[in-house]
Amino acid sequence: MTWHRQHLLDLQSLTPEELNTVLVTAQVFKKVGERAIKKVPALRGKTVINLFVEPSTRTRISFELAALRLSADVINFTAEASSLKKGETLKDTLHNLESLNADFIILRHGASGAPHFLSRFARSHIVNAGDGAHEHPTQGLLDTFTIFERKGRIEGLNVTILGDILYSRVARSNIWALVKLGAKVTLCGPSTLVPRVFESLHPQIKVTWDLEQALRGADVVNLLRIQHERQRASAFPSIGEYASLFGLNAARMKWIRPDALIMHPGPINRGVEIESDVADGDQSVILQQVTNGLAVRMAVLFLLNGGRASELGI
Ligand code: ASP
């Protein structure tokens, strides 16, 4: 099982086979992460550049560690301290990085489509680490991997995504991975953030503004932060009102099946979309998602480099 693609730009264009290849390969890398020696030589001699033009904690550290564990050289590049501030275009930045023999460019950018744009000129591998409100493919993959690991399947599961769907790239990547692998996806939140039009993306997607209904049948509840940085006007009267109508708290956990998983891509806003006792409770897999992110990002870099899991002999 190999990938025949140069870039990872989104999950919308991945086939179910490609998605399954990531899940199987990530299982192998998860085992690598549990060994005393957590490193493999798969990317020795390769250079990975983290080009982050928007803030990030988990994703940047996770990509950095993934590349280091594959024995690549890693450079972290943040927009604040770069010539992007002096007016250099993204395309010129790309050509300069490639002149230094960058093999992988991990791009986080506020503009939807930025990685697709760069991929038109790139000799290197472009990996989308989140582009505006469009997609965050490795987050979608690590969420799907976490569900697969805990539930043993994706097909036939009911996954509720709750919160700011409209401005969330995490929602879009999750939606594509999950429906392609046969899950049913329910989107819930205030109607201003969860427009009915999402149902036209795929027949397995349902929109509801009724929280109890969205929670009762769910095998998985994935919570999203309110993306204030992307909202141009307030989509609801106040944070307090959002918390009281849609925040996940102990009382609402009674609507959730005891075997359902509670997920969140982070950063969590305690007391807004999730109360602390839920975030830190038994059903929460939020920190397992972070651990799995590393295995999934190792798998993605490895597959883009032409690797196949069977070669690893693990
Ligand atoms: N960390 C995720 C992202 O970059 C989710 C979030 O910021 O709420 O999209």
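Here are the numbers for the structure shown:
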quantity	calculated
Relative packing of 2-14, 248-260, 286-298, 217-229, which averages over residues the other C-beta atoms within 10 Å, highest first	286-298, 217-229, 2-14, 248-260
Rounded percent of accessible protein surface that carbon and sulfur make up, the chain, 1.4 Å probe	52 percent
Convex hull (Cα only) mean projected area of region 227-271, reported in nm² to one decimal	4.0 nm²
The chain, helix-only ellipticity at 222 nm - DSSP H runs n ≥ 4, -39,500 (n - 2.57), divided by all residues, nearest 500	-11000 deg cm²/dmol
Stokes-Einstein D in µm²/s, Kirkwood radius over Cα pairs - region 1-156 at 4 °C with 1.567 mPa s viscosity	79 µm²/s
Summed side-chain charge close to residue 129 - residues other than residue 129 whose Cβ falls under 13 Å, Lys, Arg +1, Asp, Glu -1	0
Region 229-296: relative contact order as a whole-number percent, Cα under 8 Å and 6+ apart	34 percent
Sequence-separation-based contact order of the chain, relative, with Cα cut under 8 Å and 6+ spacing, percent	22 percent
Probe 1.4 Å, protein heavy atoms only - accessible area per residue of region 1-109 in square angstrom	49 Å²
Selection from 84, 106, 307 lying farthest towards where the dipole of the chain points positive, charges on Cβ	307
Tail beyond 17 Å, pair distance distribution of region 1-62 (Cα, percent)	62 percent
Whole-angstrom gap from region 197-244 to region 27-79, using each part's C-alpha centre	32 Å
Orientation-averaged projected area, Cα convex hull of region 169-282 (nm²)	7.1 nm²
Stokes-Einstein diffusion coefficient of the chain, Kirkwood radius over Cα pairs, 20 °C, 1.002 mPa s, in µm²/s	108 µm²/s
FRET efficiency estimate (nearest 0.05) - Cβ-Cβ, residue 196 to residue 6, R0 45 angstrom	0.80
Listed residue (221, 262, 37) projecting farthest to the positive dipole end of the chain, Cβ model	37
Per residue convex hull volume, Cα atoms of region 63-155, in Å³	129 Å³
Rounded to whole Å, sorted largest first: equivalent-ellipsoid semi-axes of region 167-216, Cα gyration tensor	17, 13, 10
Length added when fully stretched, residue 15-residue 149, from 0.36 nm per residue minus Cα-Cα	46.3 nm
Kyte-Doolittle at least 1.6, axis length at least 18 Å by Cα - qualifying DSSP helices, the chain	none
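The values are calculated or read from the model by the stated rules, or taken from the named source; none is laboratory data. In this text the structure is predicted, and so the values were computed from the model without any measurement. Cβ: placed from backbone, ideal geometry, glycine included. Neighbour counts: every protein chain shown. Surface areas here come from the heavy atoms of the whole protein model, side chains and all, with no ligands, DNA or RNA. Shrake-Rupley method; radii C 1.70, N 1.55, O 1.52, S 1.80 Å.
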